[in-house]
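One structure is given below, encoded as structure tokens.
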Amino acid sequence: MAESAIAQTIDTPDGAFTLIVDAQGQVLASGWTADPHAAAQRIHPSLRPQSMVAGTTAAAEAVRAYYAGDPEAAAAVPVAHRGPLCSSEAGPRSERYRPVSL
């Protein structure tokens, strides 16, 4: 669990985009919302920070670069993510996710 994280909301052509970033610069959560607390709800409890402070992040600059036409910038952003316990216990990915015919 991170002690503190930085929350930054930026304007994008698709609306407000919030990033929650840990002290190492890893994105813990992000999404199209202006509410950092709503974005923080996406963070696995084992990674959820105890507190958040408003600030600026390198990840937000990568989002801006993406919208300016540089998708590689976003691809280089480090991400800390852990899925729900049920996904990690469900077995190999090929057994968990089967295509559905429409």
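Expressed as cubic angstrom per residue, what is the convex hull volume of the alpha carbon set of the stretch 2-62? Kindly include the intermediate steps, with their values, before the conclusion.
Working: hull volume 4.2 nm³, N = 61.
Convex hull volume per residue, Cα atoms: 69 Å³.
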Cβ neighbours within 10 Å, averaged per peptide: list 46-55, 16-25, 67-76, 30-39 in order, most packed at the top. 16-25, 30-39, 46-55, 67-76
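Here, each number is a calculation from the coordinates, and none is a lab measurement. Since the structure is predicted, the reported quantities are computational estimates derived from the model, not experimental observations. So basically every Cβ, Gly included, is an ideal-geometry build from the backbone, and we count neighbours across all protein chains shown.
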